[in-house]
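The values are calculated or read from the model by the stated rules, or taken from the named source; none is laboratory data. This is a predicted model, so every value here is computed, not measured. Methodologically, a virtual Cβ is constructed for each residue, glycine included, from the backbone with ideal geometry; neighbour enumeration extends over all protein chains shown. Accessible surface areas use protein heavy atoms only, side chains included; no ligands, DNA or RNA. Shrake-Rupley method; radii C 1.70, N 1.55, O 1.52, S 1.80 Å.
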Amino acid sequence: MNDSDFFCYCDFPTPSQDVIDKVMWSAHDGITNSRNPQFITRSSITPDQLKAFTSSENLTLNNTVYKRAYYRRYHTSPLVANWVSKNITPNFGQVGSQVIYHGQTFSPHTDGGPREYILNYIVETGGENVETQWFEEPGYPLVREPSMQYPDPSHLKAVKKVVFPKGSWTMLYGRIIHAVAGVEGQRVQLSIALSKEEFKRLKEEHNLDLKYYG
């Protein structure tokens with residue numbers, strides 16, 4: 001498997017400071033005041049999975065025990081969406097601030113809803129060695145159904161690990177099981193959701209390396 005099966009770097013403009021400020025503010029305000037969340041729980045989570053999320057403080061990835069983190073996405077100012085529309089693409093399903101905090105990793109998952117492909121700009125990495133990791137579940141294909149959750153991921157097999165630097169644009173395919181591990185503080189990203197049609201258009205326009213899964 002190649003890097004392009006999982007992700008690619010994108011040569012897009014650096015967000016302006018007012019955009020960065022709005023992303024950081026929405027993350028801080030969302031955490032502090034529980035306002036404007038895009039994501040808290042998925043409707044597909046079973047009662048047993050929900051119990052695992054709330055009753056266990058730790059989880060094991062690749063034989064390493066991590067403290068379970070909170071993961072949230074928050075709506076941002078229209079200024080952010082306007083900047084994305086003018087500087088990246090006017091065709092996207094969702095834009096917001098994404099934050100992982102109060103722990104080291106969020107459970108491996110696949111994305112659902114409009115997040116078939118995800119374009120992220122890393123505002124704060126959350127630490128020097130924070131890894132984005134991709135997994136296979138033994139006995140299943142690499143590409144999985146949307147909105148899957150693994151509150152106990154100890155049986156998953158890691159197939160790719162990358163440390164993305166601050167200030168980088170990265171495109172991911174959301175139907176491969178993935179997680180972020182090793183967060184030490186707060187990891188904040190500007191996160192943009194794309195459908196397969198929106199991604200295909202952007203890929204062709206900018207010659208992006210990430211594989212198109214159709």
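Quick notes on this structure:
- Each residue of the stretch 21-33 is assigned a 3J(HN,Hα), and the resulting list reads 4, 5, 5, 5, 5, 5, 5, 5, 5, x, 5, 6, 10 Hz, derived from the Karplus form 6.51 cos²θ - 1.76 cosθ + 1.60 (θ = phi - 60°), x at Gly and Pro.
- For 132, 125, the ranking by accessible surface with the largest value first comes to 125, 132, using a 1.4 Å probe.
- Proximal lysines to residue 157, defined as alpha-carbon separation beneath 20 angstrom and excluding residues fewer than eight positions away on the same chain: 67
- Separation of the stretch 55-108 and the stretch 126-179, taken as the distance between their Cα centroids, equals 13 angstrom.
- Translational D in µm²/s for the stretch 73-122 (Stokes-Einstein at 4 °C, 1.567 mPa s, Kirkwood Rh from C-alpha pairs): 103
- Long-range HN-HN contacts of residue 94 with modeled amide H, under 5 Å: 193
- Solvent exposure ordering (accessible area, 1.4 Å, most first) of 145, 124: 145, 124
- Qualifying GluC sites (Glu not before Pro) for the stretch 147-214 [loop in DSSP, other Cβ within 10 Å: at most 16]: 184
- The phi torsions of the stretch 73-78, fed into the Karplus equation with coefficients 6.51, -1.76 and 1.60 and a -60° offset, translate into couplings of 10, 10, 5, 10, 4, x Hz, rounded to whole numbers, with Gly and Pro shown as x.
- Heavy-atom accessible area per residue - the chain, 1.4 Å, Å²: 47
- Net length gained if the chain between residue 129 and residue 54 were fully extended (0.36 nm per residue, minus Cα distance): 24.4 nm
- Student exercise, the chain dipole from Lys, Arg, Asp, Glu Cβ charges, in Debye to nearest 20: 320
- Build a GNM of the chain with springs between Cα atoms under 10 Å apart, and of 120, 87, 63 the one that fluctuates most is 63.
- Taking all protein chains together, 148, 171, 24, 1 sort by accessible area into 1, 24, 148, 171, largest first [probe 1.4 Å].
- Here the spin labels are modelled as points 7 Å beyond Cα on the Cα-Cβ line, and at residue 143 and residue 1 they lie 1.3 nm apart.
- Rounded percent of accessible protein surface that carbon and sulfur make up, the chain, 1.4 Å probe: 46
- Matching label, Cα Rg over 2.2 N^0.38 Å computed from the structure shown, candidates (1) 1.24; (2) 1.09; (3) 0.96: (3)
- Estimated [θ] at 222 nm from DSSP helical runs (n ≥ 4, -39500 (n - 2.57)) normalised by residues in the chain, nearest 500: -7000 deg cm²/dmol
- When nucleic acids and ligands are ignored and a 1.4 Å probe is applied, residue 155 ends up with an accessible area of around 90 Å².
- Each of 151, 188, 104 was placed along the dipole of the chain (beta-carbon charges, centred on the mean Cα), and the one lying farthest toward the positive end is 151.
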